[in-house]
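First the structure, in the form of structure tokens, and then the observations on it.
The values are calculated or read from the model by the stated rules, or taken from the named source; none is laboratory data. All figures in this text were calculated on a predicted structure; none of them were measured in a lab. Here Cβ is always computed from backbone atoms with ideal geometry, including for glycine, and neighbour counts include all displayed protein chains.
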Amino acid sequence: MKNVSVSGIGKAGLPLACVIADNGYRVIGVGRNREKVDRLNKGINPIPEETGLSKLLKKNITRNLTFSKNAADAARNTQIHIIIVPLFIKTNKKPDLSNLKDAAKQISLGLKKGDLVVLETTVPVGTTNKIIKPILEKYSKLMAGKDFYLAFSPERMMTGYAISRYKEVAKVVGGINAQSTKVCTAFYKSFCTTVIEVSSIEAAEMTKIAEGIYRDVNIGIANELLKVCENIDLNYWEILHASKTFACHLHEPGNVGGHCIPVYPWFLINSYDVPLIKAARLLNDQMVNYYANKAGKISKKGGKILVVGISFREKVKETAYTRSLPLIKLLQKKGYKVYAYDPLYSKKEIENFGLQYSEDFGKADCIILMNKYPELKNLLLRYRQKIIDIKNSIS
């Protein structure tokens with residue numbers, strides 16, 4: 001069985017590396033942070049909230065799984081190379097491809113004939129062929145599709161449920177040629193329940209972008225309907241559940257954060273005339289204004305507002321593109337005394353964000369509940385009249 005390198009050992013890459021190792025492959029996870037790499041080699045899980053990850057890590061560490069900072073060396077000692085490093089958008093909304101380019105260059109230094117390279121990071125259409133492929137070929141002196149196989153297979157996991165997704169969600173694969181698709185499919189079939197082949201790398205890239213945009217636009221529709229319902233004194237959540245009984249799948253309204261949905265629409269907005277997609281993206285970002293105005297109807301100016309939920313989603317200790325921080329900043333600008341609480345974060349961690357910590361729900365004039373926290377429901381029910389329950393978690 002061939003050995004595998006996984007470049008990127010964050011919330012997506014680390015579960016992937018552990019799943020692959022658990023299926024009998026020898027895996028080298030590659031990361032930049034020496035302290036993190038050292039801790040992982042000791043079996044210490046940096047994402048304890050990820051279901052089942054600690055167990056898989058401890059089971060496979062030193063046996064099938066090791067971690068390294070040396071990506072080129074890892075590539076020399078493996079035959080399958082997965083790139084799953086993070087991609088962020090800059091302040092001008094353009095994608096920052098620096099992590100991808102660096103990972104491709106490092107892999108190319110150890111790339112050999114017959115190897116397979118797979119990009120899993122979600123990217124603008126054309127990135128694999130136009131940017132990653134030339135880097136791999138330039139430094140390896142090998143030709144993609146002839147000397148080594150090249151494919152794109154987007155990660156389709158959900159933080160908090162990453163491990164189970166490889167059995168529950170189909171893996172999409174598109175290669176630079178038919179043989180690359182075939183080789184890549186055979187690899188993923190060894191640990192994924194279902195693999196779907198598409199006609200090209202670009203088709204696979206677009207599949208993942210379309211999935212994210214679908215959710216963003218539908219959340220935008222939900223947010224607009226929520227505003228209308230509240231304006232005419234209707235309960236949107238009642239409408240949501242009733243409408244699902246006939247050819248309709250309304251989404252939950254609310255803020256949109258995380259590495260995925262707030263990022264992917266910009267891949268198209270920057271290059272194409274997509275007014276609906278752009279409108280939804282801007283609307284979802286501006287929901288912080290709507291909730292700040294709602295808070296103003298509960299708390300007088302200068303009052304105390306407690307924002308519950310710093311992470312972009314419950315059960316995920318991650319603040320990537322979280323809307324909580326912009327909301328807090330906006331409320332402060334409006335003159336409120338704003339405090340923050342999140343069961344996933346300690347008092348010190350919240351203060352490290354430059355926020356004031358409080359878990360005194362009783363002293364707040366208004367509580368904005370950003371995420372779903374079942375463990376807080378009984379406590380929060382005492383203060384129901386002053387809560388803005390964005391995810392309808394205590395109603």
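Against the conditions (1) among the hydrophobic types (A, V, I, L, M, F, W, C); (2) in a helix (DSSP H, G or I); (3) in contact with a Lys or Arg (Cβ under 6 Å, 6 or more places away or on another chain), LEU325 satisfies every one except (3).
With the checklist (1) in a helix (DSSP H, G or I); (2) farther than 25 Å from ILE221 by Cβ; (3) touching a helix residue (DSSP H, G or I) at 6+ places or on another chain (Cβ under 6 Å) in hand, flag the one item GLU349 doesn't pass. Condition (3) is where GLU349 drops out.
Restricting the stretch 237-263 to residues that are aliphatic (A, V, I, L, M) and touching a helix residue (DSSP H, G or I) at 6+ places or on another chain (Cβ under 7 Å), the residue that is nearest to THR322 (Cα to Cα) is VAL256. Checking the stated criteria, GLY114 turns out not to satisfy the condition of being modelled with pLDDT of 95 or more, in a loop (DSSP other than H, G, I, E, B) and in contact with a His (Cβ under 9 Å, 6 or more places away or on another chain). On the stretch given as the stretch 177-202, residues that are in contact with a helix residue (DSSP H, G or I) (Cβ under 8 Å, 6 or more places away or on another chain) and either aromatic (Phe, Trp, Tyr) or under 16 Å from ILE83 (Cα atoms) (or both) total 2.
Of all residues in the stretch 134-172, those satisfying the criterion of being of a type in the set (Ser, Thr, Tyr) and buried (at least 17 other Cβ atoms within 10 Å of the Cβ) are TYR139, SER140, TYR149, SER153, THR159, TYR166.
Of the candidates GLY335, GLY362, GLY354, the single residue that is on the phi > 0 side of the Ramachandran plot and over 28 Å from the mean Cα position of the chain (by Cα) is GLY335.
Filtered by the rule that a residue be touching a residue at least 24 places away in the same chain (Cβ under 8 Å) and of a type outside the set (D, E, K, R), the stretch 34-44 gives VAL37, LEU40, ASN41. Restricting attention to the stretch 4-47, the residues that are under 17 Å from THR121 (Cα atoms) and part of a strand (DSSP E or B) total 6.
Of everything in the stretch 117-131, what is in contact (Cβ under 8 Å) with a residue 60 or more places away in the chain and either closer than 23 Å to GLN79 by Cβ or not polar (S, T, N, Q) (or both)? Give them in sequence order. Within the stretch 117-131, VAL118, GLU120, THR121, VAL123, PRO124, VAL125, GLY126, THR128, ASN129 qualify. The residues of the stretch 11-36 that are closer than 23 Å to PHE88 by Cα and either in the same structural domain as ARG313 (by TED's automatic domain parsing) or surrounded by 19 or more Cβ atoms within 10 Å (Cβ to Cβ) (or both), listed by number, are LYS11, ALA12, GLY13, LEU14, PRO15, LEU16, ALA17, GLY29, VAL30, GLY31.
If the condition is being under 26 Å from LYS363 (Cβ atoms), surrounded by fewer than 22 Cβ atoms within 10 Å (Cβ to Cβ) and in contact with a strand residue (DSSP E or B) (Cβ under 8 Å, 6 or more places away or on another chain), then the stretch 253-298 contributes TYR291, LYS294, ILE298. List the residue pairs whose Cβ atoms are under 9 Å apart, where the first residue sits in the stretch 228-255 and is more than 23 Å from ASP285 (Cα to Cα), the second is surrounded by fewer than 13 Cβ atoms within 10 Å (Cβ to Cβ), and the two are 6 or more positions apart or on different chains. Filtered contacts from the stretch 228-255: LEU234/VAL228; SER243/HIS249. Among the residues of the stretch 359-375, those identified as touching a residue at least 24 places away in the same chain (Cβ under 8 Å), surrounded by fewer than 19 Cβ atoms within 10 Å (Cβ to Cβ) and touching a strand residue (DSSP E or B) at 6+ places or on another chain (Cβ under 7 Å) are PHE361, LYS363, ASP365.
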